Amino acid sequence: MKLATLIAIGVMLAFTGQARAELVELEVKSTEPAFAGRTFGSVGAYELIRAVAHHRVDPAAPVNAGLVNIQKAPRDAQGRVAFDADVVILKPVDLAKGNGRMLYEMVNRGRSLSVGLLNRVAPGAGRGSFSAAAEAGDGFLMDAGFTVVMSGWQAEYPVTDAPPMAVALGSRLPRPPSSTALSARLPVAADVTGMTREQFFDVGAEGTFVGYLSYPAADVNEKGTMAMRERDADPAVSPASLAWRYLDPWRIEVTKPAGTSPGALFEFVYRAKDPVVYGLALASMRDLVSYLRYGDAEGNPLRSAIKKVIGLGASQTGRTLKELVSEFNEDESGRIVLDGANIVISGAGRNSVNSAFARPGLKDAQHTSWGLRGDEFPFSYPVTRDALSGRTDGVIRRCSATRTCPRIVHIDSENELWHGGTLTYVDASGRDLTMPDNVRVFVFAGTEHTSTPRPGMSPPFCAAPAPAMIDWSVFARALFTALDRWVANDEAPPASRYPTVARGELVAKSAYNFPKLYEAPYVGAFSAKHYYDFSHEPPKRIGSYPLLVPQADADGLMIGGIRHPFVSVPLATNAGWNVRKPGFGEGDLCMATGLHVPFAATRQERAERKDPRLSIEERYASRDAYVQSVKQAAQALVKDRLLLPADAEAIVAEADDQYHKALARR
C-alpha cells in the first residue's frame, strides 16, 4: 500500500481509567529509494522514509511522574504535553524479505552513528542522507535484513548562527534548511528559573570570545559570576581583569586576562529560565519503538513485521541508552520495548537528561566539563552500595524489578577507562564486580574513542603526535552479531572480557607501568569521578571514587580486555590516553584521544633513541613470521566469536602492508 503524505498513527490499546503517553501521528515527509537503489543479497532494495512523530504525554500518568518539570510544561486542550521528533526509517522495500528485527538508534547530535559504525562506511562517503550507494558501506546491516529506525531527541538551538559543537554546544542543532540532522521540538518549562552553570574550554588565542548559553538568562541585568583556571585541578579564580557582558539572553562576551592561554577553562554561573523538559526525550523513544513493533494501525509502515528490537547508542547516546533501559523499557501496556541494548563507548557515565537544567551531550571529563547532574552513581549494572551518596543502586535495578530488562552488550574503547570508565568494572570501594546474567561487558585494548584510525588527525592541543591507530569497529560488528543471536535465537554470547583488580589489570595510578617514551611521557593524567553536593552552584565536591587505571605491559599496551591482532602482535605502542601540550592545560587528558608511538625498526635505531621497547627486527624473524603471528591471533579471536571471519581475513591481508610501512619509517 502506498504511504500517504500523512499517516495517522492511532491511539494504542487503552486501559480503562488509565492515562497514557501517545504517539498520535506520524507525518511522512518523503519516501524514496535508499542508497541509490542499491540491492542487498536476498533482501533486495531498501527505501528511506523521513517523518515527524507527533507525541502527546499526559502529566498525570504514573509512568510520567518522574519526568522533571513535566508539570510546568504547556498543555493542550486535553491537558497533555505536545512535542514533535524527527524520524528516519530504512526498511527493505519488501518487508517480508527482512529478518523481522529492528535496530533502533537515538541519534547523536542529530547524526546517525550506527550505520557508519556497523557498515564500516568509508570516511568522506557521506552520512545522513542515505541516498548515495556508498552510504551503505559494505552493507552489513542491510545484507542481514535489518530495519533501521532513527529518531531525534535533542532540542534545536534558537540561535541560528551558533557554530555546531562550539565550546559548550554539546547538544545544539543549529540547522540550515537543507540539513538532514534529526532533532526534537521539546517544550520548555515556562516561567521556571534557577541557577545554572556554563563551562567553556579551548576558546582560542584571541583576547575575547563569545560563549553561547544552554539556556537563556532570566534577566540580562542580573549579575552572574565568572571564574577561570588554566588546568583542571587548579583552583578557580576571578581576577579583576577577567570581564564579561551579556550580548543577549543567549550569549555572553568574555574578555580574558592578559597572558591567558588558549586552553584555559572558564565557568559562568547565572540565573537561567525556560529549561527544556528533556525527560520527554526518553518518553519519545519508548513510545516510537513500542508503536512500530506493536502497533497494528494500517498506517504503521512496519506493521506486523518487527518481532525483536535492539537499541544502539554510541558515546553520549550510549549513556542515554542506559537511561532508557533503566527507566523506560516498559511501555504503558507493560510490554518490553527493547529486547537488546548495544551500549557503545559510554564508559561508566550516564547522560544529563532528566534534570531541571539538563546538559545532554556534555561529558564529565578532565579539562572539559564536571559536576553534571545525571552522570552520577550508579556507574555499573550490578546493584551495589555507594558509601559517599548512601545509595544502593544499579543501572538495571528498576527494569530487573519489573522484568523488562533487555539483554545488554556494553563495549568500550580503552579511552573510556581513562575517563573514569574503570567504575564499570569495580564498585565504589574498588572491588571487582560480577556482571548480571543478562549483561556482557567488553573493552578493547589500545584504542581511542573513535572507532577507525585517523592518521595525522590528533587534535592540535595534544602532546603525543599521533592518535591511536587500532580499528575497533571489527569488534563492534562481531559483538552486535552475538547480541542479535542472543536476542533472536537465545544463543549465549561470548563471556565478558574486561580488566579486573584480581588479575592485576586494574591498578592505582602510581602502579601504572607505562614505558618511558620521550614522545609520550605519562604524567599521571586521569579523569576521576567525584560525588557532589548539588545544592551549591558550582556544585561542591564531597568525595572521590577509586582512581584505578588499566595496567600496561612493557610495550605500553593494555593487558586486559580484548586485544586486536595488531595489539597482540604489535608494531607500535597504542594507548587509550593522550595529554595536553603546554599552553593548553598541560598534563590534563585530551578527551577522546589516544596515542600511537611506533617501535624502532632495528636494534641500532632503538639504541640511538634510547627506546626501552624491542625493535621490529628483534621481535620478528621476517615479514612472513609477522604475518603468520597476526593470522594466528585473528583466528583465535574468530574462534572466540569476537571477530567475524571476513574481518579477520581483511586484517591478515592488511598485515603485510602494515609491516612494510613500519620498516619504511626508518
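The values are calculated or read from the model by the stated rules, or taken from the named source; none is laboratory data. Note that this is a predicted model, so its numbers are computed, not measured. Reconstructed Cβ throughout: ideal geometry from the backbone, glycine too, with neighbour counts over all protein chains shown. What goes into the accessible areas is simple: the full protein's heavy atoms, side chains included, and nothing from ligands, DNA or RNA. Shrake-Rupley method; radii C 1.70, N 1.55, O 1.52, S 1.80 Å.
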- prompt: Using the Cα gyration tensor of the stretch 567-666, with a ≥ b ≥ c the square roots of its eigenvalues, what is the shape: rounded (a/c below 1.5), prolate (a/b larger than b/c) or oblate (neither)?
  reply: oblate
query: Per Stokes-Einstein, at 25 °C and 0.890 mPa s, what whole-number D in µm² s⁻¹ belongs to the stretch 168-273, with the Kirkwood radius over Cα pairs as the hydrodynamic radius?
result: 162 µm²/s
- prompt: When you count, for each residue, the other Cβ atoms within 10 Å and take the mean per peptide, how do 266-275, 536-545 rank with the highest first?
  reply: 266-275, 536-545
- prompt: Which of the lysines could a cross-linker bridge to LYS308, judged by Cα under 24 Å and excluding same-chain residues fewer than eight apart?
  reply: LYS91, LYS97, LYS322
task: Give the label of the value calculated from the structure for Cα extents along the principal axes in Å, choosing from [x] 93, 57, 49; [y] 87, 59, 58; [z] 80, 69, 47.
output: [z]
- prompt: In terms of Cα to Cα distance under 25 Å, which lysines are near enough to LYS273, apart from those fewer than 8 places away along the same chain?
  reply: LYS72, LYS223, LYS363, LYS540
statement: Output ordering of 294-300, 138-144 (per-residue mean of other Cβ within 10 Å, highest first) is 138-144, 294-300
message: Keeping every protein chain present and rolling a 1.4 Å probe, give me the accessible area per residue for the chain in Å².
response: 38 Å²
query: Per residue of the chain, what 222 nm ellipticity follows from adding -39500 (n - 2.57) for every DSSP H run with n ≥ 4, rounded to the nearest 500?
result: -5000 deg cm²/dmol
query: Rounded, prolate or oblate: which fits the stretch 448-593, taking a ≥ b ≥ c as square roots of the Cα gyration tensor eigenvalues, rounded meaning a/c under 1.5, else prolate when a/b beats b/c?
result: oblate
- prompt: Within a Cβ distance under 10 Å of MET195, other residues only, what is the Lys/Arg minus Asp/Glu net charge?
  reply: +1
message: With a 1.4 Å probe and all protein chains left in place, how much of the accessible area of the chain comes from carbon and sulfur atoms, in whole percent?
response: 51 percent
message: Going Cα to Cα from LYS516, which lysines come in below 22 Å? Please leave out same-chain ones fewer than 8 positions away.
response: LYS581, LYS610
message: As a test, work out the antiparallel percent of DSSP beta bridges whose residues both lie in the chain, rounded to the nearest 5.
response: 75 percent
- prompt: Local charge sum around PRO493 (other residues, Cβ-Cβ under 9 Å, Lys/Arg +1, Asp/Glu -1)?
  reply: +3
query: Near the amide H of TYR498, under 5 Å away, which other amide H atoms are found, from residues 5 or more places off or on another chain, if H is placed in the peptide plane?
result: GLY561
statement: Highest mean packing first, using Cβ neighbours within 10 angstrom, the peptides 251-260, 194-203 sort as 194-203, 251-260
- prompt: Where the centre of each part is set by its Cα atoms, how far does the stretch 543-574 sit from the stretch 39-94, in angstrom?
  reply: 41 Å
task: Could you work out how far the C-alpha centroid of the stretch 460-507 sits from that of the stretch 376-437, in angstrom?
output: 17 Å
